[in-house]
1. I'd like to know if region 26-39 contains one or more residues that are touching a helix residue (DSSP H, G or I) at 6+ places or on another chain (Cβ under 9 Å) and among the β-branched types (V, I, T).
2. Please find, within region 21-44, the residue that is surrounded by the most Cβ atoms within 10 Å (Cβ to Cβ) out of those that are outside any loop (DSSP other than H, G, I, E, B) and in contact with a strand residue (DSSP E or B) (Cβ under 8 Å, 6 or more places away or on another chain).
3. For Q47, indicate whether it is within 28 Å of S167 (Cβ to Cβ), at pLDDT 95 or above and surrounded by fewer than 16 Cβ atoms within 10 Å (Cβ to Cβ).
4. Exactly one of (1) surrounded by fewer than 18 Cβ atoms within 10 Å (Cβ to Cβ); (2) assigned to a strand (DSSP E or B) is unmet by Y138. Its number?
5. Among the strands (runs of 3 or more DSSP E) confined wholly to region 50-114, which include 3 or more residues that are in contact (Cβ under 8 Å) with a residue 60 or more places away in the chain?
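The values are calculated or read from the model by the stated rules, or taken from the named source; none is laboratory data. Source: prediction; values computed, not measured. Ideal geometry is used to build each Cβ from the backbone, glycine not excepted, and the neighbour counts take in all protein chains shown.
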Amino acid sequence: MKVQETKLKGCFIIEPTVFEDKRGYFFESFNTQKFNEAIGKEINFVQDNQSFSSKGVLRGLHYQVGEHAQAKLVRALEGTVLDVAVDLRKDSPTFGQHVVVELTAENKKQLFVPRGFGHGFVVLSETATFFYKCDNFYNKESEGGIIYNDKTIGIDWKMKESELIISDKDIVLPNIENARLA
C-alpha cells in the first residue's frame with residue numbers, strides 16, 4: 001500500500017498493492033491496522049455507503065458538523081469520478097483550499113477525507129459506482145454543504161456547467177462565507 005499525504009494536512013491518497021495474473025487481480029482494499037498506521041491516527045469506521053450515478057452527476061460539497069462530523073474513505077468501484085476534498089477547518093493554514101483526485105475502478109485509488117472537510121465528486125464516465133466508509137453515523141441535523149461552484153474555492157470539475165446534473169438540494173447550498181461550519 002502506498003500512502004501519500006496531500007497538501008491538506010490529514011488528507012491522504014491511498015494506492016493499494018495489486019496482485020495481477022492471468023486469472024485477474026487481488027488487492028486488500030482495507031485493513032484497519034495498516035490504514036491507521038499509515039495515516040498516523042486511529043479511525044474506527046462504522047458505516048459504509050454506496051451510490052450509483054450517471055455521467056455529469058455532481059454530488060457535493062457535503063459534510064457534517066459538531067459531534068457528528070465524519071471522516072470518509074472513498075473510492076470508485078466502477079467508472080471514473082473526479083473526487084474533491086475541501087479543508088473547512090477554520091484554524092487551518094489551508095482553510096478553503098481543495099485537492100482533486102481522479103478515482104477509477106482501474107487505478108483503485110482511495111482518498112481519505114478527515115473530519116472538518118467538505119467532500120464532493122462528479123462522474124466523468126458513463127456511469128460510476130462510488131463507495132465510502134464513514135467513521136460516524138449520518139445525522140440529518142448536522143448536515144452542512146457548500147455550493148459546488150463557489151468562486152472562493154475555485155474547483156475545476158472538468159466538465160461544462162451545462163453538462164452537470166445537480167440535485168435540487170445541492171444547487172441552493174451557500175458559498176463558504178455563509179456556510180454553517182461549526
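1. Initially, region 26-39 is screened for residues touching a helix residue (DSSP H, G or I) at 6+ places or on another chain (Cβ under 9 Å), giving 28.
If we keep only those that are among the β-branched types (V, I, T) too, we end up with none.
Scanning region 26-39 turns up no residue that is touching a helix residue (DSSP H, G or I) at 6+ places or on another chain (Cβ under 9 Å) and among the β-branched types (V, I, T).
2. So in region 21-44, the residues outside any loop (DSSP other than H, G, I, E, B) come out as 21, 24-27, 32-39.
In the following step, the residues that additionally are in contact with a strand residue (DSSP E or B) (Cβ under 8 Å, 6 or more places away or on another chain) were identified as 25-27, 35, 38-39.
On the way: Y25: 10, F26: 11, F27: 12, F35: 22, A38: 17, I39: 19.
Per the stated criteria, the residue is F35.
3. Working: within 28 Å of S167 (Cβ to Cβ): yes; at pLDDT 95 or above: yes; surrounded by fewer than 16 Cβ atoms within 10 Å (Cβ to Cβ): yes.
The answer is yes for Q47.
4. (2)
5. Working: elements: 57-64, 72-78, 80-87, 98-104, 110-113.
Answer list for region 50-114: 57-64, 80-87, 98-104, 110-113.
Per-residue answers, yes or no, for (1) more than 29 Å from R180 (Cβ to Cβ); (2) touching a Lys or Arg at 6+ places or on another chain (Cβ under 7 Å); (3) among the aliphatic types (A, V, I, L, M):
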| site | (1), (2), (3) |
| --- | --- |
| L8 | no, no, yes |
| I13 | no, yes, yes |
| V18 | yes, yes, yes |
| E28 | yes, no, no |
| G56 | no, no, no |
